[in-house]
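Quick notes on the structure that follows.
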């Protein structure tokens, strides 16, 4: 089936439009845009730059994808945006392309839900099955793992890493890295425990969750240094994948510090 394009839409002849794409009223699609099969632009959507939208993704009114990044160092370099398959971008979502200082690409994975007013800045890498609630925002160069959940009106500082299956509470501001399976909240955000709700919803087995909880208590205790506690946990929980995920994340080089518990508070969500 050929694409269905509303007469009021402005679609470049150079754009690559897949089968069964639906482009609604007053949309604007630029020269270097690729819309894979079954993509829907509901209405009033602007897509420009070297931007590719994956199959079956739906973009709602007044979203702007591919406009120049909000980075004063940007000099018009030919950077890209790649948004995956089966995503939903609700009203007023903005996504900016990469820059020469960050790999030249902004990427959003498959099966993501970006709710009203979400902003994804230049050079971010967002994994699969990520949900960002209304007005959640990522500054430049953030790395977001799979199945991460963001509450509404939260913000993430540039260069922050957030591991798989983590949860960011509503109205939090995150300035440091968040471990996989962690739950953070507050301004500035602190590590409040493990995202137990998310772990159970993703059907992780009871033994793995118990091991992760024990490792969490060990890693974030007050005995010895963090490096010593990490090495102890690595030895004690060898073969436990969830624990190994956390340890590997902490060991990786990062531009940001690690988000830590505050005053011994561990509120598992």
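How would you order 227-233, 33-39 from highest to lowest mean count of nearby Cβ atoms within 10 Å?
Ranked by mean Cβ neighbours within 10 Å, highest first: 33-39, 227-233.
What 222 nm value per residue comes from the helices of the chain, counting each DSSP H run with n ≥ 4 as -39,500 (n - 2.57) and dividing by all residues, nearest 500 deg cm²/dmol?
Computed mean residue ellipticity for the chain: -4500 deg cm²/dmol.
Could you work out how far helix 206-219 tilts from the main Cα principal axis of the chain, as a 0 to 90 degree angle to the nearest 10?
70 degrees
Using a Förster distance of 41 angstrom, determine the FRET efficiency expected from the C-beta separation of residue 8 and residue 173, and round it to 0.05.
For R0 = 41 Å, the calculated efficiency reads 0.55.
How high is the relative contact order of region 4-199, given as a whole-number percent (alpha carbon pairs under 8 Å, six or more residues apart)?
Averaging sequence separation for qualifying contacts and normalising by length gives 10 percent for region 4-199.
Please work out the FRET efficiency for the pair residue 244 and residue 26, using the Cβ-Cβ distance as r and a Förster radius of 45 Å; give the result to the nearest 0.05.
0.35
I'd like the distance separating the alpha-carbon centroids of region 60-84 and region 228-251, in whole Å.
One Cα centre to the other: 38 Å.
Rounded to whole Å and sorted largest first, what semi-axes of the equivalent ellipsoid does the C-alpha gyration tensor of region 6-103 yield via the square root of 5 times each eigenvalue?
For region 6-103, the ellipsoid semi-axes come out as 22, 13, 13 Å.
Fewest Cβ neighbours within 10 Å first, please rank 216, 181 accordingly.
Fewest to most other Cβ atoms nearby, the residues stand as 216, 181.
When you have a sec, figure out the Kirkwood radius of region 4-199 from all distinct Cα pair distances and drop it here in Å to one decimal?
This gives a value of 16.6 Å.
Which of these, 155, 103, 182, has the largest mean-square fluctuation under a Gaussian network model of the chain (Cα springs below 10 Å)?
Of 155, 103, 182, the Gaussian network model singles out 103 as fluctuating most.
Please compute, for the alpha-carbon atoms of region 55-108, the extent along each of the three principal axes and give them in descending order in Å.
Sorted from largest, the Cα extents of region 55-108 read 32, 20, 12 Å.
Taking the beta-carbon count within 10 Å as an exposure proxy, list 6, 210, 129 from fewest neighbours to most.
Exposure proxy ranking, most exposed first: 210, 6, 129.
As I understand it, the value is the acute angle between the Cα axis of helix 241-251 and the longest principal axis of the Cα atoms of the chain; what does it come to in degrees, rounded to 10?
So the inclination is approximately 80 degrees.
Which angle between 0 and 90 degrees, to the nearest 10, do you get for helix 226-236 versus the longest principal axis of the chain when only C-alpha atoms count?
Approximately 80 degrees, to the nearest 10.
Read-outs throughout are calculated quantities, based only on the coordinates presented, and are distinct from any laboratory measurement. Because the structure is a prediction, the values reported are computed rather than measured. Reconstructed Cβ throughout: ideal geometry from the backbone, glycine too, with neighbour counts over all protein chains shown.
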